[in-house]
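The values are calculated or read from the model by the stated rules, or taken from the named source; none is laboratory data. None of these values were measured; they are calculated from a predicted model. Here the Cβ positions follow ideal geometry from the backbone for every residue, glycine too, while neighbour counts run over all protein chains shown. We work out accessible area using only protein heavy atoms, side chains counted, and drop any ligands, DNA or RNA first. Shrake-Rupley method; radii C 1.70, N 1.55, O 1.52, S 1.80 Å.
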Amino acid sequence: MPALLDLLFPATCAGCARRAWPLCERCTRQVGTLIPPGCLRCGRPLEAAVSRCRDCPPHPIDTARSSFLYDGPIRRAIHGMKFSGWRALGPHLAGAMAETASGVRADAVTWVPLSRRRLRRRGFDQAHVLARHLAARVGLPLRPMLVRSRDTAAQARLSGPDRRRALADVFRHVDPEPPPTRLLLVDDVLTTGATAAACARALKEAGARHVTVLTAARSLEGRLPDRCFGSSRLTRT
C-alpha cells in the first residue's frame, strides 16, 4: 500500500512543493547548515572556535546543537511537519540531527513535550517523532521524562525574559526512575532557549547532571559564514 500511495501521490519538496523529496536541489542550496568551527557551547557557526558566544542559550542548558538555520526551505518544512502532519520528515531530520550529535556523550534521549491540548489538536508530538527516530539512529534508549503541568500561550512573539517567566515551573519530571547522568533533550526548533532551559531545570532537579539540547533547526540573527550554504545534511533515504 505505501508504494501504491507513493505512485499515486509522489512526495514533493518540503520547501517548494516541486517533485523531489525531502528537498529539491534548488532548495537544498538555500539551506543554512550549522557546521563548525564556532561556539563550543551552543554550536553557532563562526569564523573560529570560541568557548561561548553572545547567542548561547540560558543555563541550566549545558550545551546545545542544531543541524540547520531556521529559515527558508527548512522553516517551511518544519512548519509542514508541525501544522500539516508531515511526519514523514521525521527520519530525514533525525538523520541530520544524528550527524550533528556525533561526539556528544549521552546516556538517553528525551524530548520537550507538547501540552495535552496541542497534542489533541495536532494528533502527534513532532519533538517525540524526532526523538524516536534519533534514538534509533544513535543507539540510545528513548525515555519519556517530562510533562507540561499547565498549558501556555504561544511563545513566538515573546522576548527571552518574558518566555522564561511564562515557562516557570511549567515542566515536571514524571519518570518513576531518576534520569541518567547525561541526557539529549530533543526539540524541533531552538529560539531563545527558554523552553529547553525550563525542561533542563526540571531534569536537573530530578537528578540529571548534564543536558545537551539537540534540535533540527535554530533561529539565529546575523549572517552565517559562507561555508554553511550550498549543501545539506538532510538525507534522502
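Residues of segment 37-47 that are closer than 30 Å to A202 by Cα and open to solvent by 40 Å² or more (accessible area, probe 1.4 Å): L40 alone.
Could you list, in sequence order, all residues of segment 195-229 that are β-branched (V, I, T) and more than 18 Å from the chain's Cα centre (by Cα)? Within segment 195-229, none qualify. Could you tell me which residue of segment 170-194 is surrounded by the most Cβ atoms within 10 Å (Cβ to Cβ), considering only residues that are under 12 Å from the mean Cα position of the chain (by Cα) and not in a loop (DSSP other than H, G, I, E, B)? If we take residues in segment 170-194 being under 12 Å from the mean Cα position of the chain (by Cα) and not in a loop (DSSP other than H, G, I, E, B), then V186 is surrounded by the most Cβ atoms within 10 Å (Cβ to Cβ). For segment 48-56, state whether one or more residues are open to solvent by less than 10 Å² (accessible area, probe 1.4 Å) and not hydroxyl-bearing (S, T, Y). Checking segment 48-56: not a single residue is open to solvent by less than 10 Å² (accessible area, probe 1.4 Å) and not hydroxyl-bearing (S, T, Y). Considering segment 203-230 alone, what residues qualify as being open to solvent by less than 10 Å² (accessible area, probe 1.4 Å) and part of a helix (DSSP H, G or I)? Selection gives L203, C228.
When residues in segment 15-34 are screened for being out of contact with any helix residue (DSSP H, G or I) (no Cβ under 6 Å at 6 or more places or on another chain), under 13 Å from L69 (Cα atoms) and either in a loop (DSSP other than H, G, I, E, B) or open to solvent by 70 Å² or more (accessible area, probe 1.4 Å) (or both), 2 of them pass.
Whether any residue in segment 77-87 is touching a strand residue (DSSP E or B) at 6+ places or on another chain (Cβ under 6 Å) and either surrounded by 15 or more Cβ atoms within 10 Å (Cβ to Cβ) or more than 30 Å from H173 (Cβ to Cβ) (or both) is what I want to check. Scanning segment 77-87 turns up at least one residue that is touching a strand residue (DSSP E or B) at 6+ places or on another chain (Cβ under 6 Å) and either surrounded by 15 or more Cβ atoms within 10 Å (Cβ to Cβ) or more than 30 Å from H173 (Cβ to Cβ) (or both).
Criterion first (assigned to a loop (DSSP other than H, G, I, E, B) and either in contact with a Leu (Cβ under 9 Å, 6 or more places away or on another chain) or open to solvent by 10 Å² or more (accessible area, probe 1.4 Å) (or both)) does P91 satisfy it?
Details: assigned to a loop (DSSP other than H, G, I, E, B): no; either in contact with a Leu (Cβ under 9 Å, 6 or more places away or on another chain) or open to solvent by 10 Å² or more (accessible area, probe 1.4 Å) (or both): yes.
No; evaluated as a whole, the condition is false for this residue.
Limited to segment 119-145, what total is found for residues that are charged (D, E, K, R), touching a residue at least 12 places away in the same chain (Cβ under 8 Å) and over 21 Å from E177 (Cα atoms)? Before the answer, list the steps.
Of segment 119-145, the ones charged (D, E, K, R) are 120-122, 125, 132, 137, 143.
Filter once more, so that each one left must be touching a residue at least 12 places away in the same chain (Cβ under 8 Å): 122, 125, 132, 137, 143.
Next cut, over 21 Å from E177 (Cα atoms) only: 122, 125, 137.
Adding up the residues that qualify gives 3.
Scanning segment 113-154 for residues that are out of contact with any Gly (no Cβ under 9 Å at 6 or more places or on another chain), open to solvent by less than 40 Å² (accessible area, probe 1.4 Å) and either closer than 26 Å to T100 by Cα or modelled with pLDDT of 95 or more (or both) yields P113, L114, D125, A127, A131, A135, M145, L146.
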